[in-house]
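The values are calculated or read from the model by the stated rules, or taken from the named source; none is laboratory data. Note that the structure is a prediction, hence the values are computed from the model and not measured. Here the Cβ positions follow ideal geometry from the backbone for every residue, glycine too, while neighbour counts run over all protein chains shown. These area figures cover heavy atoms from the full protein model, side chains too; ligands, DNA and RNA do not enter into them. Shrake-Rupley method; radii C 1.70, N 1.55, O 1.52, S 1.80 Å.
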Amino acid sequence: MGRESTLTRPEASELLPKLISIRRHLHQYPELSHEEFETTASVKGWLEEAGIRIAPFSLRTGLVAEVGGVKPGPVIAIRADIDALPIQEETGLPYASRFPGRMHACGHDFHTASAIGAAYLLKEKEQELEGTVRFLFQPAEEKASGALKVIASGALENVQAIFGLHNKPDLPVGTLGIKEGPLMAAADGFVVELTGLGSHAAVPEAGIDPIVAAAQIVSAVQAIVSRSVSPLHSAVISVTKLHSGTAWNVIPDKAVLEGTIRTFDEPVRLRVLERFREVVEGVASAYGTKASVRWVQGPPPVINDGALAELAEEEATSLGYTAVRPVPSPAGEDFAFYQRQVPGLFVFAGTAGSREWHHPAFDLDEAALPVSARFLAGVAERALRQGKTAPAGSSEAGRLSQAERLAAAMRVKDGEQAEPADSVEAGKAGAPADAVRPAGAGTSG
């Protein structure tokens with residue numbers, strides 16, 4: 001029997017009940033970022049039951065598994081995220097979260113079950129695989145830091161290409177959103193603190209009002225998008241919090257603004273960050289205040305490899321699924337960190353959900369589980385056979401140059417702070433660790 005018939009044979013339909021069971025177990029016992037100990041143990045157990053080997057990469061939570069290696073060939077990686085969100089579930093499902101204030105509201109339980117299903121399918125034909133498929137069950141995507149920990153463990157060693165997917169509620173089951181280039185946005189957070197001089201509200205000339213400066217900054221930074229970014233590109237600057245003052249008749253001495261910057265292109269990202277600081281400092285100075293900027297660096301944009309996108313479209317078609325070009329999402333995804341190391345492709349898998357990511361009533365159609373499992377298994381095997389090993393993106397020198405510019409744009413000076421992605425506590429915008437976040441916030445939603 002041929003490869004496609006093996007992956008789509010009638011016996012494969014027996015996979016659905018098992019994947020539903022796995023997904024529902026994960027859904028009932030969600031664990032937050034960096035706390036996925038029981039999740040890790042469960043995933044390990046399900047894999048070992050099928051004779052799938054666990055690779056010796058050191059991770060506090062999360063794990064790496066491998067299928068293949070009997071015949072020589074490339075190493076292809078598949079990534080699934082395993083953490084949940086600090087959200088109180090409101091689905092009313094019989095398998096709803098048993099932990100108050102925790103929920104798989106972004107579908108990571110679906111991603112994990114799909115990757116396990118792909119591992120099961122590939123294990124059935126392990127002797128035939130021309131290379132190795134490495135499965136990365138990654139922690140802490142919602143903190144935008146788990147991918148970095150997986151990379152630090154050495155799990156990308158010898159990997160030639162990496163694939164991942166995210167459920168998409170607005171696509172029907174059996175549809176895969178595949179495109180080259182930008183798919184998801186860089187998600188950077190900012191905290192601007194303005195220092196003025198307090199006074200009685202009746203004598204404003206005796207002080208320096210940071211509220212007036214803050215109001216002007218809110219308006220001024222919007223012009224960055226319209227005047228410093230090409231109309232052929234896109235960016236979003238949102239000021240989501242403004243705090244100042246304690247009394248109605250007192251001009252305060254400080255004001256604090258917080259928000260997010262979203263961009264789909266690394267040069268645009270760098271340009272916007274640089275201009276943001278210039279505008280903030282310029283407006284603050286014009287109003288007599290002093291501005292400090294604290295950055296929370298989120299993940300870079302998800303930029304899909306063109307050759308891998310073409311390969312994935314071919315695989316989706318061969319399996320009888322529908323491939324569409326999805327609308328890019330301004331949400332962030334730390335899968336992008338892998339793509340800075342090796343060629344990668346991130347795909348949207350249709351799940352026909354009634355609610356968007358991070359909603360307390362989020363749910364999905366479990367009929368999508370075997371679709372995603374078969375697709376991941378098939379695209380990994382196709383990549384092994386075609387030997388997709390050469391990156392099609394920017395050069396290593398180019399990536400290093402961009403990293404240096406980003407560090408400069410987020411430079412630390414005059415007592416300012418630049419925080420790593422791990423300071424994000426499920427912040428949709430990469431919000432600061434001390435910020436108050438609404439329920440349902442998270443980097444990928």
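Could you tell me what percent of the accessible area of segment 288-342 is made up of carbon and sulfur, with a 1.4 Å probe and every protein chain present? Answer for segment 288-342 is 51 percent, counting heavy atoms of protein chains only. For segment 76-204, the solvent-accessible area works out to 28 Å² per residue, with a probe of 1.4 Å and every protein chain left in place. The alpha carbon centroids of segment 256-328 and segment 29-47 are separated by 30 Å. Peptides 228-237, 300-309, 39-48, ordered by how many other C-beta atoms sit within 10 Å of their residues on average, highest first, read 300-309, 39-48, 228-237. With the highest mean first, a sort of the peptides 255-267, 79-91, 351-363, 134-146 on other beta-carbon atoms found within 10 angstrom per residue produces 134-146, 79-91, 255-267, 351-363. Highest mean first, the peptides 239-245, 277-283 sorted by other C-beta atoms within 10 Å per residue fall in the order 277-283, 239-245.
Its Cα centre serving as origin, segment 130-262 has a Cβ charge dipole (Lys and Arg +1, Asp and Glu -1) of approximately 220 debye.
Working note: Karplus 6.51/-1.76/1.60 with θ = phi - 60° gives segment 286-302 the couplings 4, 9, x, 9, 10, 10, 10, 10, 10, 9, 10, 6, x, x, x, x, 7 Hz, where Gly and Pro are set to x. Averaged per residue, segment 320-372 has 32 square angstrom of accessible surface, using a 1.4 angstrom probe with ligands and nucleic acids left out. Across segment 189-261, the relative contact order, built from alpha-carbon pairs under 8 Å that are at least six residues apart, equals 47 percent.
Near P301, once Lys and Arg are set to +1 and Asp and Glu to -1 for all other residues with Cβ below 11 Å from its Cβ, the sum equals -1.
Carbon-plus-sulfur accessible fraction, segment 99-166 (probe radius 1.4 Å, protein heavy atoms only): 45%.
Segment 63-113 and segment 209-255 have Cα centres separated by 38 Å. Pairs of Cα atoms under 8 Å, at least six residues apart: use those to get the relative contact order of segment 141-225, whole percent. It rounds to 13 percent for segment 141-225. If you take every residue apart from E90 with its C-beta less than 15 Å away from the C-beta of E90, what net charge results, scoring Lys and Arg +1 and Asp and Glu -1? Summing Lys and Arg as +1 and Asp and Glu as -1 gives 0.
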